[in-house]
Amino acid sequence: MAKGEGVFLLGTQSVNAQGHLEIGGCDAVSLAEQFGTPLYVLDETALRTRCREYRQAFHTLKSDVQILYAGKAALNLAICQIVAEEGLGLDVASGGELYTALQAGFPPDRIHFHGVYKTHAELQMAIDAGIHAIVLDNFAEMERLCALLSGNKRQGVMIRIAPEVEANTHPLIRTGQRDSKFGFHLLTGDAFEATRRVLQEQRLQLLGFHCHIGSQISDLNAFAAAAEVMVAFAAEVRRATGFAAACLNLGGGLSVRYTAEDQPPAIAEYAKVVVDALRAACDRYHFPEPALMVEPGRSLIAEAGCTLYRVGAIKRVPAMEPPDIYLIVDGGMSDNPRPQMYGASYTAILANRAHLPHDRLYRLLGKHCETDPIIEQAWLPEVHEGDLIAVLTTGAYAYSMSSNYNRYPRPAMVLVHQGTARLIVERERFQDVMRYDKM
């Protein structure tokens, strides 16, 4: 958001008659007074709308597409319930995510289990629950899984491929490139060898192949390239073994709006590129068109979330470059480490005076014993101590990456919908932070 522009709003966000930011029909000032700050706020309508946009965009083009929500973006019981109600599947990447999904009653036959290292206990939990697919990442994992399958038990699996596609995104969220730690690599021959071994193993049922090239990607050509590589590999496997993959999972990674300058592709545009690329590659390699899976995480939930902070201190600092006025808020890297990890950009709104021109430049920082900027250049009205600031697009990878650094309790999360706010994650207390300590 540039100087003097109107506030940047997402989902159901609006400015009400009191000049306050409103989300899901709930006044942000009232939310902060009732539930405290920092506070994660999740817009239920925005989340459900994105789920439906994904289904509509893909199913209009191809009937046999399954949308799996990538739970690593943000996962708790309520989010699991919403995703299940919207008819999506779920991609989990740890035992904790799988346990949460099962406790929420998520249908096991719509769960896929990812990860570069799944322990014996995690694999056993997945087997016992009867989940649809375990996505194999390495040979050691394949051996562990087979050892756990007893009697006539068979487990559906997919094989994760490193497709050698280098997406244009931050290096730390790029996952499909040549030196990726994820999946079986094509150039080494490991991808084909893994396929051969699974096909020979009676306890494993090969459902298809999976890839994921990264996150926060705006260049749709990268997704098309991944589809090309995956179909080419599937066709090679078919020629050599006779096995024709019935499904290809092309992962997720579509970018979202963190600032007004961000212009990510529309979901419908993304769907068309992916489906067209899949079909073109199938024609080129004379491969029967498989069912398709995609795994959006960030692009489903990021814009549905925001975080409310209270301004605790204001400092004028002899900075070399503007801004020289620092706003210190009551949260920071423990509730959102992305600015420190990736230099992630965000947009702020002065929630208690959102109607005023956002024409003054500030640096927004957290309260931790680090230099933990939240926003390097935040345009806001004149700010006073005690004001309420909303940081937008924090629905993905803020709550899920939060920590107790400096022994700060994690924030609460509320779900807002049509004027009603429901607590879905309780605020931690100091007692919770030390509950496993021993003298």
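Quick look at the numbers
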item: Longest site-free stretch - the chain; sites: chymotrypsin sites (Phe, Trp or Tyr not before Pro), DSSP loop, at most 13 other Cβ within 10 Å; result: 118-435
item: Span-like helix ranges in the chain, DSSP H, alpha carbon extent 30 angstrom or more, Kyte mean at least 0.0; result: 220-241
item: Nearest-20 debye value, the chain charge dipole, Cβ charges on Lys, Arg, Asp, Glu; result: 760 debye
item: Label-point separation in nm, Glu428 to Glu382, each point 7 Å along Cα→Cβ; result: 3.9 nm
item: Per-residue [θ]222 nm for the chain (sum of -39500 (n - 2.57) over DSSP H runs n ≥ 4, rounded to 500); result: -8500 deg cm²/dmol
item: Length-normalised contact order of the chain in % [C-alpha pairs under 8 Å, at least 6 apart]; result: 21 percent
item: Pairs of lysines in the chain (C-alpha under 18 Å apart; 8 or more residues apart or interchain); result: 5
item: Residue among Ser150, Ile161, Ala191 farthest towards the positive dipole end of region 114-296, charges placed on Cβ; result: Ser150
item: Estimated inter-spin distance, Asn404 and Cys146, nm [label 7 Å along Cα→Cβ]; result: 4.2 nm
item: Among Ile314, Ile217, Ile131: highest mean-square fluctuation, GNM of the chain, C-alpha pairs under 10 Å; result: Ile314
item: Region 114-296, dipole about Cα centre (Lys/Arg Cβ +1, Asp/Glu Cβ -1), debye to the nearest 20; result: 560 debye
item: Residue (of Ala291, Met341, Cys26) at the positive-pole extreme of the chain, dipole from beta-carbon charges; result: Ala291
item: Sites Thr60 and Glu236, calculated FRET efficiency, Cβ-Cβ separation with R0 25 Å, nearest 0.05; result: 0.20
item: Computed FRET value (nearest 0.05) for Gln81 with Gln18, which takes r as the C-beta separation and R₀ as 35 Å; result: 0.60
item: His120-Glu33 FRET efficiency (beta carbon distance; Förster radius 45 Å; 0.05 resolution); result: 0.40
item: GNM top mover of Ser255, Ser150, Ser402 - the chain, alpha-carbon springs below 10 Å; result: Ser150
item: Selected from Leu248, Leu98, Leu149 as most flexible by GNM, with the chain as the system and alpha-carbon contacts under 10 Å; result: Leu149
item: Residues Arg196, Arg284 arranged by fewest to most Cβ contacts within 10 Å; result: Arg284, Arg196
item: Distant-in-sequence amide H partners of Gly251 (H built 1.01 Å from N, under 5 Å); result: Cys211, Glu295
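Any read-out appearing in this document is the output of simple, stated calculations on the displayed coordinates, not a laboratory observation. The shown structure was predicted, so the numbers you read here are calculated from the model rather than taken from an experiment. Cβ coordinates were reconstructed from backbone atoms using ideal geometry, including for glycine residues, and neighbour counts include every protein chain displayed.
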